[in-house]
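First comes the structure, then the notes that go with it.
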Amino acid sequence: MKPTNIEHIGIAVRSLEESIRLYEAILGLKCQKIEEVSDQKVRTAFFKIGTTKIELLESTDPEGPISRFIEKRGEGLHHIAFKVNSLKDKLSATKNAGIRLIDEEPRPGADGLNIAFLHPASASGVLIEFCENRENR
Ligand code: ZN
């Protein structure tokens, strides 16, 4: 099952407000929306470029995954998200191919998506997310 597009690229940031200003200047685009995802302990901000978004991620919890990422590696590229038509099917196909999953089941993400992460150790050090529109399910 092939992904349909790169849905978004996630970037871990210390200050959402500061990075929104930077990315507005870099891209010449206005931030589309800010959304908190309590499940992932993040506040997110989106910029839309074609069928792809830039997703800035700021932690809302010092113990959250984005805080721990920034502590270890500093701000920067965090994950790449590929859109698929059926997340459940994609997860089982990926697992059957011997790839380690972080999320065995889809969970709610930002911007109307269900999401699931693969383990970076199974993807050349890159954190990969698969996502689908929530109304698919
Ligand atoms: Zn994401």
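What number of residues within segment 105-137 satisfy the criterion of being outside any helix (DSSP H, G or I) and either in contact with a Pro (Cβ under 8 Å, 6 or more places away or on another chain) or of a type in the set (D, E, K, R) (or both)?
Qualifying residue count, segment 105-137: 13.
Of the residues that sit in segment 112-137 and are among the charged types (D, E, K, R) and open to solvent by less than 50 Å² (accessible area, probe 1.4 Å), which one is nearest to the ligand (Cβ to nearest atom)?
That would be GLU129.
Select from segment 70-97 the residues that are in a loop (DSSP other than H, G, I, E, B) and either in contact (Cβ under 8 Å) with a residue 12 or more places away in the chain or under 17 Å from GLU55 (Cβ atoms) (or both) and list them in ascending order.
Across segment 70-97, the qualifying residues are GLU75, VAL84, ASN85, SER86.
May I ask you to list the residues in segment 1-48 that are charged (D, E, K, R), out of contact with any Lys or Arg (no Cβ under 9 Å at 6 or more places or on another chain) and not in a strand (DSSP E or B)?
LYS2, ARG14, GLU17, GLU18, ARG21, LYS30, LYS41
Mind listing whichever residues of segment 1-39 are aliphatic (A, V, I, L, M), open to solvent by 40 Å² or more (accessible area, probe 1.4 Å) and either free of Cβ contacts under 8 Å to residues at least 24 places away in the same chain or in contact with a Phe, Trp or Tyr (Cβ under 8 Å, 6 or more places away or on another chain) (or both)?
ILE6, LEU22, ALA25, ILE26, LEU27, LEU29, ILE34
Read through the list (1) open to solvent by 20 Å² or more (accessible area, probe 1.4 Å); (2) away from the ligand (no atom under 13 Å from the Cβ); (3) closer than 24 Å to ILE34 by Cα; (4) modelled with pLDDT of 95 or more, then give the number of the only condition that VAL84 fails.
Unmet for VAL84, out of (1) open to solvent by 20 Å² or more (accessible area, probe 1.4 Å); (2) away from the ligand (no atom under 13 Å from the Cβ); (3) closer than 24 Å to ILE34 by Cα; (4) modelled with pLDDT of 95 or more: (1).
The values are calculated or read from the model by the stated rules, or taken from the named source; none is laboratory data. Predicted model only: the values in this text are computed from it and were never measured. So basically every Cβ, Gly included, is an ideal-geometry build from the backbone, and we count neighbours across all protein chains shown. Surface accessibility is based on the protein's heavy atoms, side chains included, excluding ligands, DNA and RNA. Shrake-Rupley method; radii C 1.70, N 1.55, O 1.52, S 1.80 Å.
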